Amino acid sequence: MSAHQQARSAPVGPSTPYDTDAADFRSSVKRHYGTVLKRFAKRFAVFLPLWLLVFITGSDYAVPVSILGFLGLLISALRLWAHLSWLRRCSKVFREYPLEYRSQFVKLGTGRGRVLTFRLAEEQSGAPVMSAVNLFDSGWPTDIEDGFWFAGDELFGGIAFLPHTGELLFMQPQEWILMREQRANADSERVMRAKCAGIKGYVSLTR
């Protein structure tokens, strides 16, 4: 049975928002965009009136509340920019690389900043240890043991798409510096593809 057929035959619960088809990564990205914008709109609706309060009332007593509102708007805007940046990065990777189903990997642990580490093979067969971050949640996706779709290059990194939940993991080799010689010796087409996908350089995974 092919990897794609294995993915298609995986059990799907009645509340599952996604099929196991790899094409669903597009709906996952769109869903995340919608979620991020809705969250920002809710915060905006709360903090904007607080910020405008001092201008509306002209009272010095409203200054602390307005400062709180301004800080809330600023933090919300920064969070929106960060989330949209991650989604744009994911979209670039998906455009450049086809998805491959991965069912053999080893979970190694969770490090500082909720960074996940795992190996993209069941045995130490030369596959690099990857560091990954769950872009819009914390910790390991609940259904990751069922496998995931991977888009990218193990030398540079990529995206894992969890078909059951729609979660996205951004990953890069844990030993990024130690693998620089391998990246330097990679053929020019491979390097150019990684550059177009936005994964040629190191990306900090701490948030």
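See the values below:
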{"read-out": "Residue-normalised accessible area of the chain, expressed per residue, 1.4 Å probe, Å²", "value": "56"}
{"read-out": "q = 0.11 Å⁻¹, the chain: log10 I(q)/I(0) [Debye, one scatterer per Cα]", "value": "-0.60"}
{"read-out": "For the chain, with +1 on Lys and Arg beta carbons and -1 on Asp and Glu, the positive-most of Ala77, Val191, Phe156 along the dipole", "value": "Ala77"}
{"read-out": "Burial order of peptide ranges 82-91, 59-68, 165-174, 26-35 (average beta-carbon count within 10 Å, highest first)", "value": "165-174, 82-91, 26-35, 59-68"}
{"read-out": "5 angstrom amide H check on Ala121, placed H, neighbours 5+ away", "value": "Val106"}
{"read-out": "Residue-by-residue Karplus 3J(HN,Hα) for the range 185-198, coefficients 6.51, -1.76, 1.60, Hz, glycine and proline x", "value": "8, 5, 5, 4, 5, 5, 5, 5, 5, 5, 5, 5, 7, x"}
{"read-out": "Amide H contacts of Tyr101 (H built 1.01 Å from N, under 5 Å, at least 5 apart or other chain)", "value": "Phe150"}
{"read-out": "Cα-based shape type of the range 51-117, given that a ≥ b ≥ c are square roots of the gyration tensor eigenvalues and the cut on a/c is 1.5", "value": "oblate"}
{"read-out": "Accessible-area composition of the chain, carbon plus sulfur, in percent [1.4 Å probe]", "value": "56"}
{"read-out": "Estimated vicinal HN-Hα couplings, Hz - the range 78-85 in sequence order (Karplus 6.51, -1.76, 1.60; Gly, Pro = x)", "value": "5, 5, 4, 4, 5, 5, 5, 5"}
{"read-out": "Per-residue ³J(HN,Hα) for the range 142-149, Karplus 6.51 cos²θ - 1.76 cosθ + 1.60, θ = phi - 60°, Hz, x for Gly and Pro", "value": "5, 9, 5, 4, 6, x, 8, 9"}
{"read-out": "Gyration tensor verdict on the range 143-184 (Cα atoms; rounded if a/c is under 1.5, prolate if a/b is larger than b/c, oblate otherwise)", "value": "prolate"}
{"read-out": "Placed amide H near Val129: partners under 5 Å, 5+ positions off or other chain", "value": "Gln174, Glu175"}
{"read-out": "Three-way shape call for the range 19-138 based on the alpha-carbon gyration tensor, with the a/c threshold at 1.5", "value": "prolate"}
{"read-out": "Dimensions in Å of the range 121-203 - Rg and Dmax from alpha carbons", "value": "13.4, 38"}
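The values are calculated or read from the model by the stated rules, or taken from the named source; none is laboratory data. Keep in mind the model is a prediction, meaning the values are calculated, not measured. Ideal geometry is used to build each Cβ from the backbone, glycine not excepted, and the neighbour counts take in all protein chains shown. These area figures cover heavy atoms from the full protein model, side chains too; ligands, DNA and RNA do not enter into them. Shrake-Rupley method; radii C 1.70, N 1.55, O 1.52, S 1.80 Å.
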